[in-house]
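The next block holds one structure in the form of structure tokens; read it before the comments.
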Amino acid sequence: MGNSILKIENITMQFGGVTAIKDLSFEVQKGQIYGLIGPNGAGKTTIFNIITGNLTPTSGFVIFENENITSTKPNKVVYKGIARTFQNIRLFKSMTVLENILIGFDAQANYSYFEAILRLPRFFKKEKEIRQKAYELMKIFGIEEFADTNATALSYGNQRKVEIARALATNPKLLLLDEPAAGMNPNETAELSDIIHKIKKDFDLTILLIEHDMKFVNAMCDQLTVLDYGAKIFEGKPADAIVDEKVISAYLGDFSHA
């Protein structure tokens, strides 16, 4: 089935006597925008935390590009090519927009410690290249005018753009977006949809997306998995999900007007 980039294989996650994820398996193909959806508490963010190494599953495996990365440390997961955003935006409050995005380029700053301390020419050349790339990212998101503004002084929608831009700065192959449209108005959501499609194409990305807005999911996703109480209740196309009885029941009718 195509060219798999990510496989979740029989993942179970237990916290004490509570099972947050129950024997979950799904597969994301290279180049897809894949949705992971479900009601609050369904276990979606737990899966992101397992993929990124912030949690070790009770059982099961995370396979990325045919490599078992289960329990790999988060910083090494980033170096392998997986980046994420968070449900609650996490920006460095004391830093500008530019400074927040520059942090994402840390892995690409391949000068030595001594080159940085001694301020050798290679250090300045690389720093100039990285700053130029940061400005290019800001232009894609339309936030270059805020480069020297404190990141947390921006509107919610623009803060979300900064966070996604910072994730892109790590040069990922797989981008995990945790409710990117949360808190946005319809115009901001439509703009974000266009941006995500653009960066997917321009950066040759695969995207795994958590979202509650089903109109957004329908517009974005090629395929999706629906969770309820940590178990998979549906896998397939978004158009089929919104008429599936188990999915409708899990959302208590929330899909009926999507």
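The table below gives the values:
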read-out: Residue order, fewest to most surrounding Cβ atoms within 10 angstrom, among R90, R166; value: R90, R166
read-out: CD proxy at 222 nm, helix term only [per DSSP H run n ≥ 4: -39500 (n - 2.57); per residue of the chain; nearest 500]; value: -10500 deg cm²/dmol
read-out: Max mean-square fluctuation residue, GNM over the chain, Cα-Cα springs under 10 Å, options F105, F15, F146; value: F15
read-out: Fewest-first sequence of T56, T149, T46, T225 by Cβ atoms within 10 Å of each Cβ; value: T56, T149, T46, T225
read-out: Gaussian network model of the chain, Cα within-10 Å springs - most flexible of D178, D106, D202; value: D202
read-out: Most fluctuating residue given options I33, I164, I103, as computed from a GNM of the chain linking Cα atoms under 10 Å; value: I103
read-out: Under 5 Å, built H, 5+ apart or other chain: amide partners of A231; value: K22
read-out: Antiparallel DSSP beta bridges within the chain, as percent of all bridges there, nearest 5; value: 55
read-out: Kirkwood hydrodynamic radius of the range 183-258, Cα pairs, Å; value: 13.5
read-out: For the range 21-74: rounded, prolate or oblate by the Cα gyration tensor [a/c cutoff 1.5]; value: oblate
read-out: Spatial extent of the chain: Rg and Dmax, with the Cα atoms as the point set, Å; value: 19.0, 65
read-out: Cα centre as origin, Lys/Arg/Asp/Glu Cβ charges: the chain dipole, Debye; value: 900
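Here, each number is a calculation from the coordinates, and none is a lab measurement. Keep in mind the model is a prediction, meaning the values are calculated, not measured. Don't worry about glycine lacking a Cβ; one is built from the backbone with ideal geometry, like all the others, and counts go over all protein chains shown.
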